[in-house]
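Note sheet for the following structure.
The values are calculated or read from the model by the stated rules, or taken from the named source; none is laboratory data. What you see is a predicted model, and the numbers here were worked out from it, not measured in a lab. Reconstructed Cβ throughout: ideal geometry from the backbone, glycine too, with neighbour counts over all protein chains shown. With ligands, DNA and RNA removed, areas are computed over all heavy atoms of the protein, side chains included. Shrake-Rupley method; radii C 1.70, N 1.55, O 1.52, S 1.80 Å.
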Amino acid sequence: MSEIKIFKFGGASVGSVDGFRNVGKIIMQFTDKPIVIVISALGKTTNALESVVKDYFAVNGQAKVKLNEIKEHHYTIIDALGLGESGCKEAIHDICVEVEWILDDEPNQEYDFIYDQIVSAGEMMSSKILYYHLKSLNAHPEWQDIRDVIITDNTFRDARVDWNTTTVNAQNKLLPQLQNGALIITQGFIGSTTENETTTLGREGSDYTAAILSYCLNANSMHIWKDVPGVLTGDPKLFDEVTKIPRLSYREATEMTYYGAKVIHPKTIKPLQNKQIPLYVRPFGEPTSEGTIIADLQDIAYPPIIVIEPQQCLIHISTRDFSFVAEHHLSAIFALLAKHRLKVNMMRNTAISFTVCVNQVPERIKRFEDEIQIDFKTLRDEELELITIRHYSIDLLKDMKKNKLILFEEKLSDTVQMVVKPIQSMKRKH
Ligand code: ADP
Ligand code: ASP
Ligand code: MG
């Protein structure tokens with residue numbers, strides 16, 4: 001069989017009619033190969049659907065109005081692509097009707113469960129539009145409901161994949177079609193429990209979906225098409241002087257994404273590394289470019305790479321009676337951090353205090369503090385940034401520190417991390 005490729009197109013690539021046309025053009029260059037295309041919701045649709053969920057629970061009468069706006073926006077794209085009579089609108093209508101049924105009920109169910117049932121509509125709709133668009137280009141796409149393949153537990157909004165069942169499903173349901181050279185269109189971000197309840201894999205999870213399918217199908221390569229030339233030395237939305245890193249090891253990519261480089265979802269690399277599948281991060285604006293290749297590469301001399309993770313919180317935890325923070329205290333603190341799903345980005349202990357830098361997720365921090373205050377005192381610094389510089393130079397470090405209040409810093413041989421008050425650096429874009 002010829003090589004299996006997995007492509008992933010994110011929201012930015014299908015944010016407009018021209019975006020859709022461009023995606024269609026890229027795919028048409030590969031229709032002679034077996035290929036799975038994973039697609040995200042259009043542009044900012046996921047955010048818009050999140051606000052439908054909020055309005056539904058707020059019972060403010062806005063949920064259906066907003067859902068209708070989302071539907072009309074999809075219809076506009078369908079019309080502009082010349083798909084008005086193709087059956088595509090009916091498909092979008094049906095997906096929205098299912099959401100309306102939920103909105104007709106009283107909001108008595110769990111928020112996270114309802115969130116997944118509603119927000120998943122974004123990927124269901126975008127995948128239908130891409131399917132009909134490719135049909136209109138005379139390709140022969142097949143549309144696959146990914147919920148029949150990716151099976152997860154019922155941790156709604158952050159579902160964990162059941163790898164065994166998912167692999168069996170992928171091998172049974174997708175591989176035979178791919179062996180016949182199929183072009184399969186499917187949804188990123190979503191999965192299903194064994195009870196047929198829709199789940200989501202966490203925001204920006206479509207990269208991860210593509211990696212799951214790559215792993216389960218033993219794909220030859222995975223390609224994520226982005227609005228950047230590849231992986232860069234920093235986020236171009238924050239810094240002017242960034243350059244492309246043409247080659248990255250799995251390890252370097254994992255470190256970057258773990259610290260918060262938004263270009264790839266952090267869970268993406270592991271499944272690919274485990275099967276040694278190369279990942280190409282490619283510009284959808286320049287489809288002939290290889291972009292950045294991420295693989296089992298050694299001996300690369302990396303330039304300094306800056307990763308900024310906003311919305312950080314420092315929690316200072318100290319004993320109430322001036323006793324030392326001992327190992328059994330740390331063990332109890334970590335049990336609570338895990339219980340409340342707070343991601344630890346940095347930490348430090350002194351004689352009577354322990355400080356931890358976590359992502360600022362207010363409701364989780366509150367639940368954590370409520371419980372830990374039984375035994376400890378806590379103090380919080382909020383609205384902070386975590387700056388990670390890999391392969392730092394002394395000059396760059398000096399530069400990054402200018403005009404900043406540094407609350408916490410750690411220096412290893414190849415990585416510096418600092419927690420700072422938001423930066424107004426002269427290098428920053430406004
Ligand atoms: P999509 O959702 O369309 O797949 P994302 O918006 O999630 O794409 O990811 C692309 C964005 O990642 C870029 O527009 C860029 O602002 C951001 N980004 C952050 N860090 C980096 C980096 N080191 N290299 C490239 N892009 C980065
Ligand atoms: N549409 C989802 C989101 O915006 C998943 C993704 O785009 O990767 O989070
Ligand atoms: Mg995205």
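Structure above, values below:
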| read-out | value |
| --- | --- |
| Filtered residues of segment 220-233 (kept if outside any strand (DSSP E or B) and open to solvent by 10 Å² or more (accessible area, probe 1.4 Å)) | N220, D227, V228, P229, T233 |
| Identity of the residue in segment 266-277, modelled with pLDDT of 95 or more and open to solvent by 20 Å² or more (accessible area, probe 1.4 Å), that ends up nearest to ligand 3 (Cβ to nearest atom) | K267 |
| Cβ pairs under 7 Å, 6+ apart, first in segment 257-275 and under 22 Å from I387 (Cα atoms), second open to solvent by 70 Å² or more (accessible area, probe 1.4 Å) and more than 13 Å from ligand 2 (Cβ to nearest atom) | P266/Y258 |
| Residue in segment 278-289 that is open to solvent by 30 Å² or more (accessible area, probe 1.4 Å), assigned to a loop (DSSP other than H, G, I, E, B), among the aromatic types (F, W, Y) and more than 18 Å from P304 (Cα to Cα) present | yes |
| Residue that is surrounded by the most Cβ atoms within 10 Å (Cβ to Cβ), among those in segment 234-244 that are in a loop (DSSP other than H, G, I, E, B) and over 21 Å from the mean Cα position of the chain (by Cα) | V242 |
| Given (1) within 18 Å of L386 (Cα to Cα); (2) in contact with a strand residue (DSSP E or B) (Cβ under 9 Å, 6 or more places away or on another chain); (3) open to solvent by 30 Å² or more (accessible area, probe 1.4 Å), index of the condition Q312 fails | (3) |
| Matching residues, segment 299-319, being within 26 Å of D395 (Cα to Cα) and of a type in the set (S, T, N, Q) | Q312 |
| Unique residue being away from ligand 2 (no atom under 14 Å from the Cβ) and in contact (Cβ under 8 Å) with a residue 12 or more places away in the chain when the list is F57, F7 | F57 |
| Unmet criterion (only one of (1) open to solvent by less than 10 Å² (accessible area, probe 1.4 Å); (2) under 18 Å from L297 (Cβ atoms)) for T209 | (2) |
| Every residue from segment 246-277 that is assigned to a loop (DSSP other than H, G, I, E, B) and either within 14 Å of V307 (Cα to Cα) or within 16 Å of ligand 2 (Cβ to nearest atom) (or both) | G260, A261, K262, V263, I264, H265, P266, K267, T268 |
| From I294, I300, residue being of a type in the set (A, V, I, L, M, F, W, C), part of a loop (DSSP other than H, G, I, E, B) and either in contact (Cβ under 8 Å) with a residue 40 or more places away in the chain or open to solvent by 30 Å² or more (accessible area, probe 1.4 Å) (or both) | I300 |
| Only one of I151, I184, I190 that is within 16 Å of ligand 3 (Cβ to nearest atom) and touching a residue at least 40 places away in the same chain (Cβ under 8 Å) | I190 |
| Hits in segment 326-352 (condition: under 28 Å from D158 (Cα atoms), open to solvent by 30 Å² or more (accessible area, probe 1.4 Å), part of a helix (DSSP H, G or I) and touching a residue at least 40 places away in the same chain (Cβ under 8 Å)) | A332 |
| Condition broken by I374, with the remaining ones in (1) in contact (Cβ under 8 Å) with a residue 12 or more places away in the chain; (2) open to solvent by 40 Å² or more (accessible area, probe 1.4 Å); (3) in a loop (DSSP other than H, G, I, E, B) satisfied | (1) |
| All positions within segment 19-44 that are away from ligand 2 (no atom under 16 Å from the Cβ) and outside any loop (DSSP other than H, G, I, E, B) | R21, N22, G24, K25, I26, I27, M28, I35 |
| Answer from K71, K66, K89 - the residue that is touching a residue at least 12 places away in the same chain (Cβ under 8 Å), more than 26 Å from the chain's Cα centre (by Cα) and assigned to a helix (DSSP H, G or I) | K89 |
| Residue within segment 49-58 that is farther than 23 Å from K226 by Cβ, modelled with pLDDT of 95 or more, out of contact with any Leu (no Cβ under 9 Å at 6 or more places or on another chain) and open to solvent by 70 Å² or more (accessible area, probe 1.4 Å) present | yes |
| Enumerated helices (runs of 4 or more DSSP H) restricted to segment 95-196, each holding at least 2 residues that are away from ligand 2 (no atom under 16 Å from the Cβ) and crowded, with 22+ Cβ neighbours inside 10 Å | 121-136 |
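Table: residues versus (1) open to solvent by 70 Å² or more (accessible area, probe 1.4 Å); (2) in a loop (DSSP other than H, G, I, E, B); (3) at pLDDT 90 or above; (4) of a type in the set (S, T, Y).
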| site | (1), (2), (3), (4) |
| --- | --- |
| F324 | yes, yes, no, no |
| F354 | no, no, yes, no |
| E363 | yes, no, yes, no |
| E382 | yes, no, yes, no |
| Y392 | no, yes, yes, yes |
